[in-house]
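Participant: The structure's right below; bear with me while I get my questions together.
The values are calculated or read from the model by the stated rules, or taken from the named source; none is laboratory data. Values in this document were obtained by computation on a predicted structure and should not be read as measured data. FYI the Cβ positions are ideal-geometry reconstructions off the backbone, even for glycines, and counts take in every protein chain you see.
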Amino acid sequence: MDQEKVRNARSSGLSHSDVDAITAIVIFLIGVVMMMDNYRVGAGWAADGPQSGYFPFRIGAILCLAALVVFIKSLFGKTRDHTIFVPWERLRLVLMVLVPTIVYVLAIQFVGIYVASAVFIAAFMRVMDKRSWFKVTLISVGVSAALFWLFELQFSVPLPKGPLEALFGY
Amino acid sequence: MENLSALFHGFSVALTWYNGWMMLIGLVLGIVIGVLPGLGGPNGVAILLPLTFTMPPTSAIIMLSCIYWGSLFAGAITSILFNIPGETSAVATTFDGYPLAQQGKAGEALTASFTGSFIGAFVGVLLITFLAPLVSKFALKFGPPEFFAVFLLTFCSFVGTDNKAPFKTIISMMLGFGLAAIGMDTVSGELRMTFGLSGLLIGIDFLVVVIGLFGLGEILVTMEEGLAFEGKHAKINAKVVLETWKKLPKYWLTLIRSSAVGCWMGITPGGATAASFMGYGLAKRFSPNGDKFGTGELEGVIAPETAAHAAGTAALLPMLALGIPGSATAAVLLGGLMIWGLQPGPLLFIEQKDFVWGLIASMYLSNVAGLFLVLSTVPLFAAILRIPFSIIAPIIIVVCAIGAYAVHAAMLDVWFMVLFGIIGYMLKKLDYPLAPLVLAVVLGDKMEAAFRQSMIGPSGGLGIFWSNSLVGTITTLALLMLFWPVIALVWRKLKQSFV
């Protein structure tokens with residue numbers, strides 16, 4: 001039964017080693033981009049010492065080499081990890097944090113960080129735990145107000161503000 | 001003697017009402033940060049760094065270093081009561097700490113671990129007080145080649161001490177150097193890897209990287225593991241504390257051993273995590289009760305905590321004396337120094353006496369204050385962990401976003417924070433160490449500058465790194481460290497074939 005589960009799992013997603021290999025490829029590509037861009041700037045030796053690209057060019061090269069080793073190890077190494085990288089139901093949990101976070105950051109640009117934060121916290125509490133509206137409002141508005149007090153009034157660190165704050169003259 | 005008078009001067013700097021207040025705020029914030037998942041030493045310090053821009057540097061570093069101490073103390077709370085290490089350096093504490101809590105001895109375990117931490121930190125501070133000035137005096141003779149060699153040694157020993165996945169350590173480091181190089185080159189003014197984005201002209205700030213990797217990344221990992229916090233309750237009162245303290249002298253050897261291990265691992269960038277495991281391992285090996293480790297031995301709590309705290313403290317020694325941090329948090333603090341307009345390095349001990357000795361004096365004070373603070377408030381902080389994750393998680397994300405934005409008042413940084421959150425999640429799941437990345441981002445520019453300055457010198461070529469006995473020794477040592485895994489392997493093979 002358990003073995004069957006493992007087999008099913010194996011067929012239904014990427015394993016740890018697979019993701020390891022893919023990541024190594026991505027890192028290798030980053031290394032290539034680094035080398036190319038710094039070659040453009042000049043990775044050699046000028047009259048007054050190394051050029052701007054000298055150091056990063058070599059960093060890129062080392063990155064490529066190390067990525068290659070990790071890639072080979074992940075495909076042919078002795079200690080390959082065949083367990084699934086992230087099962088679907090767990091990935092769903094991660095996305096449940098990640099997607100709202102992206103929407104939240106997007107919203108900051110339009111309504112300011114304080115309103116966006118209040119809505120974000122409220123939505124999170126409602127969707128994940130179905131807490132009572134009273135609690136949700138209290139905590140989300142309370143946290144935003146506290147942050148406003150701390151950053152705007154106490155430390156005078158300007159954060160992005162939107163139409164609501166403008167209404168109150170901030 | 002010169003040091004002692006400087007230290008007393010430091011006490012007079014640190015002991016103002018304002019600084020004392022900052023110390024307390026720092027400690028409380030640090031404990032909160034250490035207890036909460038997703039917020040740790042490096043990340044907490046990074047988020048709060050922008051708040052200190054307007055503060056006097058001495059008060060700022062006192063507050064931030066107190067956050068660091070607080071988070072180190074707090075790591076033990078979650079490990080012992082919840083079996084969840086709040087910091088990676090507290091993983092080894094769970095081995096014996098949680099079994100003790102299950103037996104209803106949480107109070108004893110907590111007292112022992114806090115006291116162990118305190119002793120470890122105290123030894124670390126003593127070391128800083130007496131050794132750091134000597135090291136910095138010695139380092140005054142350093143020119144660019146020597147500094148480059150020391151940087152090289154720092155990074156190479158990361159690779160050498162990692163016997164799990166040295167190539168992943170190298171990748172992590174190189175990514176950090178790559179990130180540091182983005183933006184305008186300070187020497188020639190040329191643009192490197194900006195790809196036409198004007199927002200990248202000033203580069204990606206290390207604070208944004210740290211907040212993303214350690215903040216959002218940690219939240220994503222925690223979320224995936226679907227943690228439910230079910231903790232043991234701790235009863236801690238004066239009687240428990242005193243009774244535990246009576247037992248501690250018995251473990252003097254463990255305390256000394258762990259302190260020594262911790263100091264060593266802190267100065268070399270082995271870090272608090274490695275130190276705590278080593279402290280635990282050594283105690284298990286040499287203790288007469290070694291076989292009972294893992295079932296709830298008090299010694300098994302003291303050993304890793306003492307080592308971790310000693311390492312955490314000692315990590316500030318190279319940061320102060322050489323401008324080279326020994327841990328991720330120390331790296332963030334070093335970045336703070338530069339933002340406040342101080343030039344880290346050996347000159348700090350000469351030009352900024354108030355700052356350096358004020359900080360060192362504050363370490364003595366804050367560790368005493370921290371010990372009593374955690375002992376008296378454990379139940380309060382343990383209650384924080386009982387707040388549901390659905391409330392904690394969004395608040396932490398909001399705080400991370402604010403922290404990232406506040407660095408340069410730039411929206412692009414918040415997006416980078418999200419990006420680095422995803423990267424941090426992936427790297428963490430694939431066992432890439434993150435500390436070398438942070439260190440490389442912070443030190444990248446300085447290391448490159450040291451390299452280029454050495455190259456501009458008269459002799460030219462890489463020979464400069466062997467041009468005198470000092471720099472030659474350090475460079476050779478660095479290469480030895482880098483190839484240590486290979487050397488050890490060959491040595492073992494040779495030994496086998498001869499026996």
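Participant: Considering region B:194-221 alone, what residues qualify as being within 26 Å of A:THR101 (Cβ to Cβ), outside any helix (DSSP H, G or I) and either small (Gly, Ala, Ser) or within 30 Å of the chain's Cα centre (by Cα) (or both)?
Facilitator: B:ILE202, B:GLY203, B:ILE204, B:ASP205
Participant: Further, regarding this structure: Scan (1) surrounded by fewer than 24 Cβ atoms within 10 Å (Cβ to Cβ); (2) modelled with pLDDT of 80 or more for the single condition B:THR54 breaks and write down its number.
Facilitator: (2)
Participant: So which residues in region B:161-196 are surrounded by fewer than 22 Cβ atoms within 10 Å (Cβ to Cβ), over 19 Å from B:LYS446 (Cα atoms), touching a residue at least 60 places away in the same chain (Cβ under 8 Å) and of a type outside the set (D, E, K, R)?
Facilitator: Of everything in region B:161-196, those that are surrounded by fewer than 22 Cβ atoms within 10 Å (Cβ to Cβ), over 19 Å from B:LYS446 (Cα atoms), touching a residue at least 60 places away in the same chain (Cβ under 8 Å) and of a type outside the set (D, E, K, R) turn out to be B:THR161, B:ASN163, B:ALA165, B:PRO166.
Participant: Then there is this: Within region A:58-74, can one find any residue that is facing chain B (nearest Cβ under 7 Å) and modelled with pLDDT under 90?
Facilitator: no
Participant: Working only within region B:443-489, note down all residues that are of a type in the set (A, V, I, L, M) and within 26 Å of the chain's Cα centre (by Cα). Break it down stepwise before answering.
Facilitator: Narrowing region B:443-489 to residues of a type in the set (A, V, I, L, M): B:443, B:447, B:449-450, B:455-456, B:462, B:464, B:470-471, B:474, B:477-482, B:486-489.
Matches in region B:443-489: B:LEU443, B:MET447, B:ALA449, B:ALA450, B:ILE474, B:LEU477, B:ALA478, B:LEU479, B:LEU480, B:MET481, B:LEU482.
Participant: Report those helices (runs of 4 or more DSSP H) wholly inside region B:387-499 carrying at least 3 residues which are within 30 Å of B:THR222 (Cβ to Cβ).
Facilitator: B:389-408, B:411-429, B:435-456
Participant: Let me ask something additional. Scan region A:29-57 residue by residue and report those that are more than 7 Å from every other protein chain (Cβ to nearest Cβ), within 24 Å of the chain's Cα centre (by Cα) and of a type outside the set (Val, Ile, Thr).
Facilitator: Selection gives A:LEU29, A:GLY31.
Per-residue answers, yes or no, for (1) out of contact with any Ser or Thr (no Cβ under 8 Å at 6 or more places or on another chain); (2) buried (at least 22 other Cβ atoms within 10 Å of the Cβ); (3) modelled with pLDDT of 85 or more:
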{"residue": "B:LEU385", "(1), (2), (3)": "no, no, no"}
{"residue": "B:VAL398", "(1), (2), (3)": "no, yes, yes"}
{"residue": "B:TYR405", "(1), (2), (3)": "yes, yes, yes"}
{"residue": "B:LEU412", "(1), (2), (3)": "yes, no, yes"}
{"residue": "B:TRP415", "(1), (2), (3)": "yes, no, yes"}
{"residue": "B:LEU419", "(1), (2), (3)": "yes, no, yes"}
{"residue": "B:LEU430", "(1), (2), (3)": "no, no, yes"}
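Participant: Right, something else. Tell me yes or no: at least one residue of region A:68-75 is in contact with a helix residue (DSSP H, G or I) (Cβ under 8 Å, 6 or more places away or on another chain), more than 30 Å from B:LEU443 (Cβ to Cβ) and not in a strand (DSSP E or B). Steps first, please.
Facilitator: Filtering region A:68-75 down to residues in contact with a helix residue (DSSP H, G or I) (Cβ under 8 Å, 6 or more places away or on another chain) leaves A:68-71, A:73-75.
Subsequent filtering for residues that are more than 30 Å from B:LEU443 (Cβ to Cβ) retains A:75.
This time we only want the ones that are not in a strand (DSSP E or B), so: A:75.
Yes - at least one qualifying residue is present in region A:68-75.
Participant: Of the residues B:PHE130, B:PHE122, which is in contact (Cβ under 8 Å) with a residue 40 or more places away in the chain and more than 21 Å from B:SER89 (Cα to Cα)?
Facilitator: B:PHE130
Participant: When only residues in region B:132-158 that are surrounded by 20 or more Cβ atoms within 10 Å (Cβ to Cβ) and of a type in the set (Val, Ile, Thr) count, which is modelled with the highest pLDDT?
Facilitator: In this case the residue turns out to be B:VAL150.
Participant: May I pose another question? Considering each residue of region B:163-182, count those that are at pLDDT 85 or above and either β-branched (Val, Ile, Thr) or not in a helix (DSSP H, G or I) (or both), and give that number.
Facilitator: The number of residues fulfilling the criteria is 4.
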